[in-house]
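Asker: Below you will find the structure I want to go over with you.
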Amino acid sequence: MTARSTTIAERAAQLLSLEGKVALVTGAASGIGRGIAIRLAEVGTFVAILDIDEARALETAVEIELRGGASIHLHCDVSNSTDCRRAVGALIENKGTIDILCNSAGIAIRKDVVEVTEDEWDRALNVTLKSIYLLSHEVVPRMIRQGGGAIVNIGSGWSLKGGPRAAAYCAAKGGVVNLTRAMAIDHGRHNIRVNCVCPGDVETRMLYSECAQLGENIEAFMREAANRPLGRVGSPDDVANAVLFLASPMSNWITGAALVVDGGGLA
């Protein structure tokens, strides 16, 4: 390798490096959240794993350690303000800063407005949308004091269009995109970038749960999910790579964006 190519490689690594940064990732016990937590740890970030599922959160922490990364797992009901305040305080006490907040927690209830109960509606909105407010309410003032930060919210392809039998999910995910835009406008002057990743169908426990809720045949369901220009469903890594881009120096002039990561499904 020549000196010039070494310099190029080093520069590329610097653009994606988050060495020494501290990130908080919600819903990180499984699925997309776990993929994001692992990817951020791989590039040098200390990751706080927030989830209500302590056993699976520990599994994420073990996987991060096996890959040479560092993390802490914190029990947190992201729809509860006391839990969110306690988790953020614990991370600040441990590391002194929060550079990246990734709001990945969410639930999918596959019912229309006639079928969905009020309790289900509230739970979907609280876990998927209210949680972003609760954690941002705690984290943004700290980012302001330290001179900036990056927030990445996880939306959906159905943030940008409607979908069948998913009224609460579509409402919550649509709110995620517009909340992202509002936060970007309010806090750009504080050097806080706020962006959103909108995945299509990703192979996770949640996707299989949707199939079960709808009572569909799993093979037919997955074939339909893969019916997009790139011919497959996504993986947590596909989404995690987009989050890494938006959290890294490569996206220093990007804020208020909704990055679609769906294999062309909305094309």
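Where a number appears in this text, it was derived from the coordinates with a stated rule and is not lab data. In this text the structure is predicted, and so the values were computed from the model without any measurement. Glycine also receives a Cβ, built like all others from the backbone with ideal geometry; neighbour counts cover every protein chain displayed.
Asker: Name the residues whose placed amide hydrogens come within less than 5 Å of the amide hydrogen of residue 109, ignoring near sequence neighbours (fewer than 5 apart) on the same chain.
Answerer: Sorted by chain and number, the residues that satisfy this are 169.
Asker: Using a Förster radius of 22 Å, what is the FRET efficiency between residue 90 and residue 54 based on their Cβ-Cβ separation? Nearest 0.05, please.
Answerer: Values: r = 14 Å, r/R0 = 0.64.
Taking R0 as 22 Å, the efficiency between residue 90 and residue 54 is 0.95.
Asker: How large is the charge dipole for the chain, taken about the Cα centre, if only the Cβ atoms of Lys, Arg (+1) and Asp, Glu (-1) carry charge, to the nearest 20 debye? Intermediate values should be presented prior to the final figure.
Answerer: Numbers: 26 positive and 30 negative charges, 198 e Å.
My answer is approximately 960 debye.
Asker: Ok, one more. Go ahead and run the numbers for FRET between residue 113 and residue 65, Cβ-Cβ distance against an R0 of 45 Å, rounding to 0.05.
Answerer: Values: r = 44 Å, r/R0 = 0.99.
Computed FRET efficiency for residue 113 and residue 65: 0.50.
Asker: Enter the angle in degrees (range 0 to 90, nearest 10) between the Cα long axis of helix 167-187 and the first principal axis of the Cα atoms of the chain, meaning the one along which they spread out most.
Answerer: Approximately 30 degrees, to the nearest ten.
Asker: How would 53, 77 line up from fewest to most surrounding beta-carbon atoms within 10 angstrom? All intermediate terms of the calculation are to be shown ahead of the outcome.
Answerer: On the way: 53 15, 77 18.
Fewest-to-most Cβ neighbours within 10 Å comes out as 53, 77.
Asker: Report, in whole Å, the centroid distance computed from the Cα atoms of region 238-259 and region 41-71.
Answerer: 21
Asker: How many angstrom separate the Cα center of region 181-195 from the Cα center of region 135-155?
Answerer: 9
Asker: Could you point to the residue in 87, 62, 100 farthest towards the positive end of region 9-112's charge dipole, with +1 and -1 charges on the Cβ of Lys/Arg and Asp/Glu respectively?
Answerer: Projecting each Cα onto the dipole axis, the largest value belongs to 100.
Asker: Pop a pseudo-label 7 angstrom from the Cα along the beta-carbon direction at both residue 13 and residue 97 and give the gap in nm to one decimal.
Answerer: Going by the 7 Å Cα→Cβ label model, 2.1 nm.
Asker: Another question, if that's okay. At 7 Å along Cα-to-Cβ for each site, give me the label-to-label distance between residue 235 and residue 161 in nm.
Answerer: According to this spin-label approximation, the distance is 2.6 nm.
Asker: Taking R0 as 25 Å, what's the FRET efficiency between residue 181 and residue 252 from their Cβ-Cβ distance, rounded to 0.05?
Answerer: Details: r = 18 Å, r/R0 = 0.74.
For residue 181 and residue 252, the calculated efficiency is 0.85.
Asker: Can you return the lysines within cross-link range of residue 21? Criterion is Cα-Cα under 27 Å, with same-chain partners fewer than 8 residues away left out.
Answerer: Leaving aside lysines fewer than 8 places away in the same chain, those within reach of residue 21 are 95, 130.
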